[in-house]
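The values are calculated or read from the model by the stated rules, or taken from the named source; none is laboratory data. This is a predicted model, so every value here is computed, not measured. Cβ: placed from backbone, ideal geometry, glycine included. Neighbour counts: every protein chain shown. Surface areas here come from the heavy atoms of the whole protein model, side chains and all, with no ligands, DNA or RNA. Shrake-Rupley method; radii C 1.70, N 1.55, O 1.52, S 1.80 Å.
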Amino acid sequence: ETPGGEAKVKVPAGSSSGRRLRLRGRGLPNPRGAAGDLFAEIQVVVPPRPTDEERQLFERLAAASTFDPRERR
């Protein structure tokens, strides 16, 4: 939900927590013109208690991936 109504957002692949997305014209209405922009911040959340299947999938992804989240970019 936004001040201008419901909006669907496509999150770009590879987005991490903290990335901001701009939704043009979806912010607060302006009595003198068009509505402002709304900024949405991505927050990646993992399950607090993953199921056995979820845990196995996370482990398979970790084994297959070369991505190191601790490496500076």
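Do we find a residue being open to solvent by less than 60 Å² (accessible area, probe 1.4 Å) and modelled with pLDDT of 90 or more anywhere in the range 52-61?
Our first condition is that a residue be open to solvent by less than 60 Å² (accessible area, probe 1.4 Å); within the range 52-61, this holds for none.
No, that holds for no residue.
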(request) Among the residues of the range 12-36, write down those that are open to solvent by less than 90 Å² (accessible area, probe 1.4 Å) and either under 30 Å from Pro69 (Cβ atoms) or in contact with a Cys (Cβ under 8 Å, 6 or more places away or on another chain) (or both). (result) Pro12, Gly14, Ser15, Ser16, Ser17, Gly18, Leu21, Leu23
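The rows are residues; the columns are (1) in contact with an Asp or Glu (Cβ under 6 Å, 6 or more places away or on another chain); (2) polar (S, T, N, Q); (3) free of Cβ contacts under 8 Å to residues at least 24 places away in the same chain.
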site: Pro3; (1), (2), (3): no, no, no
site: Ala13; (1), (2), (3): no, no, yes
site: Arg24; (1), (2), (3): yes, no, yes
site: Ala34; (1), (2), (3): no, no, yes
site: Phe39; (1), (2), (3): no, no, yes
site: Glu53; (1), (2), (3): no, no, yes
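Would you call Leu21 in a loop (DSSP other than H, G, I, E, B) and either among the charged types (D, E, K, R) or within 17 Å of Pro3 (Cβ to Cβ) (or both)?
On the way: in a loop (DSSP other than H, G, I, E, B): no; either among the charged types (D, E, K, R) or within 17 Å of Pro3 (Cβ to Cβ) (or both): yes.
Criteria not met by Leu21.
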(message) Looking only at the range 43-73, count every residue that is among the acidic types (Asp, Glu) and not in a helix (DSSP H, G or I) and tell me the total.
(response) 2
(message) With the structure loaded, tell me whether Ala40 is touching a Lys or Arg at 6+ places or on another chain (Cβ under 8 Å), assigned to a loop (DSSP other than H, G, I, E, B), at negative phi and open to solvent by less than 70 Å² (accessible area, probe 1.4 Å) or whether it fails that test.
(response) no
